Every structure is written in C-alpha cells, then in structure tokens.
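Written below as structure tokens is the structure these notes are about.
Laboratory data are not the source of any read-out in this text; all were calculated from the coordinates shown. Not measured: the values here are computed from a predicted model. As a convention, Cβ positions derive from the backbone with ideal geometry for all residues, glycine included, and neighbour counts pool all protein chains shown.
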C-alpha cells in the first residue's frame, strides 16, 4: 500500500516521503480501516523532525483519519466491516497517512450519515485537544469568559467554536489581518496577541476583569504572560509543554493549570482517557452535523502532497485545517 513514511527523523523533513509498505493486519482488539481522508497537524511535522527520541525506526506518519472498517481483530465487538469511523491515533505506533491503518476499536467514533469523511477527519487532534481542555478539564459553560490563543489555527479555531457552543464569551487572540477569520468562527472580541499591553486590553473588553479561562496553544516561556490575562482563581489550559512557573510568585494568581496531552493517554496506557476519545469524537461529530462546528478546512490535497504540506505547516504558511483525500 502507499504510505507517507519517515525513515529517520530529520530537522528538514527530507526523510519523510511517499513509499510502498505492507498492508497491516489488525491485532486482537483492533480494527483495520480503509483510510478515506486524513488531516495534518503540527505534531506530525514535529515527530518527523525528531521531537520524539523513540522514533528511530521507519514510521508511518499521521494521527487523524476517517475511513471504513474492512477487517476486525479477535475480540472486537460492536463494529462490523463497512462501518464508517473516525479516530485519533497513537503517535507511538505507525500512523494513518496510508491507504490502510489499524487502531484499537475502543477509540473509534461512528461517522453519521451526511457527514463527509474529509470534514470528520479534520476534527480529532485539534478538536479533541480543545474539547478535553475546555470541557473536560476547565468545565467551560455559560457566563465564562475565555481567552483563546491561536484563533486561526486548528486547536484555537475549534476551541472558539466549542466555547461558544457551551455558552461562553470568547476573546480571541490573533494577528490583525486575521481578525475577520476569528470573528467568523464566533469570537466576541479579537485582540492582537503581540500587543505589549495585552493584559490591559483583555480587561478593557471584559469590564476590568481578567478572563476565567485561558486556552494557551503556544508556550510563552514565562507563565506570567498567560496568567496575567486571567482573573484571580482563573484557569490556564495549556497544550504545549508547561510554561515556566519558576518566576511566578506564590499566592498571586491562585490559578488552576491544566495540561492537555492526548498522546500521553496512549503512553500511560490510560484506557478511560483513550475511551473518552471516542466520546469526544461522538459529541463533536454531532456538533458538525447540526451546524455548530466548522471544520475549518482551507486546503484539500492528495496523499503524495503531504510531505510538502508538512513543510508549509511548519513554516506557519497555512491557517485552518489541511486535509488529504485518498
């Protein structure tokens, strides 16, 4: 089968290319799917560039896929060949940028009729990250004010929509030339994240108060850069490595800090969190079906175009979601 293979992580992504590999067989508890669509995420190029030291052997790239089950491993119940499914994969094993892929059955979400595979595939990595952080951990709801960083990226853009669907007021952070995009996604206010007086601007549009929740997609280094946007006893949700808290004085913010790391659920073998991938997928697919969610697809490509697209994603030359259709 055709697949995007990283033969050895290299900083310039030069060892990531289309090749032919064997079709995998599902192990007990797994299914194999014929992949119809995949989406690209920053973690994909990061793994190909060498951020995961355990990626020393040739590795099929990719985490997010939609497709049709074509084979069942021993012990799989509740699924049959022909079912349309969505998954967020395990970065510790071969990925989904391929014509066929295998995955544990317990992480699968069923794609409802009427939803395109390409739209579904855009959701998992970015969407589950935002959903886990904002809903599962911060319990965002009506009356909350959330600052969403990276408003035109996958996690930030889907985070805006999830927060709005839960009744929150959203202050989006973006470049000035991207303000209209953030407003289209539902942001109530949009601020330039580069402003020197950003904490004051957040308070100016929020009645003098900091936000209840900050959804941080890029590590600022010093944690105070994000904490300064919050009210006392606010919540910081971070999807990058935790910011540096060493310069944060005690008893000044009293913030709750939530780390989101989807891949960690696989590495830790934590089955409840893995099973929650399926539940989050079900809920987000329902939102997609009822018009509450825009998958933010800005470009559709073929499988062989993925290596070049990963380079553009790394160079921050894209916004929204990139999807490949097989």
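Values for this structure:
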| item | result |
| --- | --- |
| Ratio Rg/Rh [Cα only; Rh per Kirkwood] for the chain | 0.97 |
| Relative contact order of the chain, pairs being alpha-carbon contacts under 8 Å that are 6 or more residues apart, as % | 19 percent |
| Convex hull (Cα only) mean projected area of the stretch 151-206, reported in nm² to one decimal | 3.6 nm² |
| Anisotropy class of the stretch 172-239 from Cα gyration tensor, a/c 1.5 cut | prolate |
| Residue 267 paired with residue 139, simple spin-label distance in nm, labels 7 Å along Cα-to-beta-carbon | 2.8 nm |
| Over the stretch 190-326, relative contact order from alpha-carbon pairs under 8 Å, at least 6 apart, % | 14 percent |
| Rounded tilt (10° steps) of 271-289 against the dominant C-alpha axis of the chain | 80 degrees |
| Inter-site label distance for residue 19 and residue 247 at 7 Å from Cα along Cβ, in nm | 4.4 nm |
| Folded to 0 to 90 degrees: helix 154-165 orientation relative to the chain principal axis, Cα | 70 degrees |
| Label-point gap, in nm, between residue 195 and residue 110 - each point 7 angstrom along Cα→Cβ | 4.7 nm |
| Extension reserve of the residue 2-residue 302 stretch, reckoned as 0.36 nm per residue once the Cα distance is removed | 106.8 nm |
| Estimated D of the stretch 129-260 in µm² per second, where Rh is the Kirkwood radius over Cα pairs and Stokes-Einstein applies at 10 °C, 1.306 mPa s | 112 µm²/s |
| Orientation-averaged projected area, Cα convex hull of the stretch 2-95 (nm²) | 6.0 nm² |
| Using a Förster distance of 35 Å, the FRET efficiency for residue 180-residue 92 (Cβ separation, nearest 0.05) | 0.35 |
| Stretch gain in nm, segment residue 292-residue 232, where the contour uses 0.36 nm per residue and the Cα spacing is subtracted | 18.5 nm |
